[in-house]
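Structure record follows, encoded as structure tokens.
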Amino acid sequence: MKFSKIAFFLAATALLGFARHKADDWIPMFDGSTLDGWKANEHPESWTVKDGAITGDGAASHLFWMKEKCFNCEFKAEVKIGHLGNSGMYFRTAFGPGFPKGYEAQVNSSHTDPVRTGSLYNFVKVFDVLVPDDTWYTQHIIVDGNHIQIFINDKKTVDFTDEKNTFTDGYLALQQHNAGSVVQFKNLMMRNLPPPASPLSGTWRLIAEQSKFADGAPQQFMIRVLDERDGIRWQSNLVTADGKKESINYFARVQGYEYLVSGASGYDHISLQDVGRRHMHEIERGMKLRKKPDEHVIEVETKKWYKTVDRATYTVSADGKRLTIAGDKVQPDGKTTVPFSEVFDKVE
């Protein structure tokens with residue numbers, strides 16, 4: 001009897017996609033002699049290999065490692081920056097011209113920009129000089145969900161949780177900031193960390209033509225979800241049918257407890273419950289929910305002033321590429337409900 005309960009729990013956990021997998025091994029990113037696998041967004045002449053190191057020297061340019069993207073990953077390198085030099089190691093960044101959109105671990109010991117090595121640019125600032133000019137040191141980045149850590153020579157300088165889920169996926173890249181700046185990188189390595197624990201993790205864009213709305217079709221609706229500690233961080237940007245903007249943000253564990261929500265006009269608390277962990281069979285029978293094999297289903301309830309606003313199910317398809325939010329919105333009289341179904345595709 002004990003064995004059957006354990007076996008059932010393990011099978012359910014695997015089915016719902018909440019089990020973590022073994023992390024990948026370290027992947028060498030640089031062969032020591034060529035720029036194989038790397039691509040400059042502009043001014044490729046600013047990047048060469050000298051003395052066994054990738055060297056940035058010339059006009060502003062960013063060198064992207066194109067072989068693999070980073071969702072949850074570690075990224076490390078030995079770095080040397082020259083006097084008045086400025087550079088950075090980017091992660092979860094988008095390929096494109098100019099200075100890319102993504103997180104940047106700063107590389108700077110003496111540039112006129114006061115934000116020094118050890119910083120997470122635009123998020124966590126370090127002003128002390130941790131490494132002198134023209135000195136090799138190790139920079140190590142860990143990004144797991146919305147938790148970001150940076151280590152300089154094994155000393156932690158950043159331990160930051162990005163509650164806005166600013167960047168969720170993208171390439172790894174190196175920066176050549178400006179002419180006159182010289183930077184070198186060697187022993188570049190990356191490894192993938194276990195995938196997100198929650199099937200909701202990712203960036204989701206509304207497919208309006210396949211959706212049915214209780215309050216009119218929104219002009220724009222984008223959702224970003226990342227793992228945070230033992231729960232998720234939800235951040236969504238919404239432009240309602242009448243042009244009102246909402247930026248909704250909350251942390252929640254998928255365990256049925258209520259959590260405070262900021263930025264939503266229609267509700268102030270939310271609870272999420274994994275259907276498979278509590279009463280999958282009861283919901284399937286009582287609510288006419290027909291769960292397909294390997295779908296991930298979460299039951300959600302929102303409240304305002306402790307009164308239920310709507311009840312819904314969040315269903316992630318078996319391939320993880322589609323999210324359907326379906327349920328009933330309670331009207332102001334507290335009795336009438338209006339059904340809705342909102343369909344999203346994963347874009348990151």
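When the residues of region 68-84 are filtered to those that are among the basic types (Lys, Arg) and within 30 Å of Val347 (Cα to Cα), which remaining residue is most open to solvent (accessible area, probe 1.4 Å)?
Among residues in region 68-84 that are among the basic types (Lys, Arg) and within 30 Å of Val347 (Cα to Cα), the one most open to solvent (accessible area, probe 1.4 Å) is Lys69.
Identify, from the list Phe160, Phe185, the residue that is in contact with a Lys or Arg (Cβ under 9 Å, 6 or more places away or on another chain), aromatic (Phe, Trp, Tyr) and assigned to a strand (DSSP E or B). Walk me through it before giving the result.
Values: Phe160 fails: in contact with a Lys or Arg (Cβ under 9 Å, 6 or more places away or on another chain).
Result: Phe185 is the single residue among Phe160, Phe185 that is in contact with a Lys or Arg (Cβ under 9 Å, 6 or more places away or on another chain), aromatic (Phe, Trp, Tyr) and assigned to a strand (DSSP E or B).
Looking at (1) crowded, with 16+ Cβ neighbours inside 10 Å; (2) among the polar types (S, T, N, Q); (3) under 14 Å from Lys76 (Cβ atoms), which one does Thr138 not meet, given that it meets all the others?
It is condition (1) that Thr138 fails.
All but one of (1) part of a loop (DSSP other than H, G, I, E, B); (2) open to solvent by 30 Å² or more (accessible area, probe 1.4 Å) hold for Pro218; which doesn't?
(2)
Ala77 versus (1) at pLDDT 95 or above; (2) at positive phi: which is the lone unmet condition?
Every listed condition holds for Ala77 apart from (2).
Scan region 91-121 for residues that are under 16 Å from Asp162 (Cα atoms) and either touching a Leu at 6+ places or on another chain (Cβ under 7 Å) or open to solvent by 10 Å² or more (accessible area, probe 1.4 Å) (or both) and report the count. If you could, list the steps in order and put the result at the bottom.
Pass one, region 91-121, residues under 16 Å from Asp162 (Cα atoms): 91-93, 101-105, 119-121.
Then keep just the ones that are either touching a Leu at 6+ places or on another chain (Cβ under 7 Å) or open to solvent by 10 Å² or more (accessible area, probe 1.4 Å) (or both); that gives 91, 101-105, 121.
Residues flagged as under 16 Å from Asp162 (Cα atoms) and either touching a Leu at 6+ places or on another chain (Cβ under 7 Å) or open to solvent by 10 Å² or more (accessible area, probe 1.4 Å) (or both) within region 91-121 amount to 7.
What pairs can you find where one residue is in region 102-119 and acidic (Asp, Glu), the other is open to solvent by less than 10 Å² (accessible area, probe 1.4 Å) and outside any strand (DSSP E or B), and their Cβ atoms are less than 7 Å apart, with a gap of 6+ or different chains?
Once the first residue is acidic (Asp, Glu) and sits in region 102-119, its partners that are open to solvent by less than 10 Å² (accessible area, probe 1.4 Å) and outside any strand (DSSP E or B) give Asp113/Asn86.
Would you tally the residues in region 238-272 being closer than 24 Å to Pro199 by Cβ, of a type in the set (Val, Ile, Thr) and not in a strand (DSSP E or B)?
Residues meeting the conditions: 2.
The values are calculated or read from the model by the stated rules, or taken from the named source; none is laboratory data. In this text the structure is predicted, and so the values were computed from the model without any measurement. Every residue, glycine among them, receives a Cβ derived from its backbone with ideal geometry; neighbour counts consider all protein chains shown. To get the accessible areas, we keep the full protein, side chains included, count just its heavy atoms, and leave off ligands, DNA and RNA. Shrake-Rupley method; radii C 1.70, N 1.55, O 1.52, S 1.80 Å.
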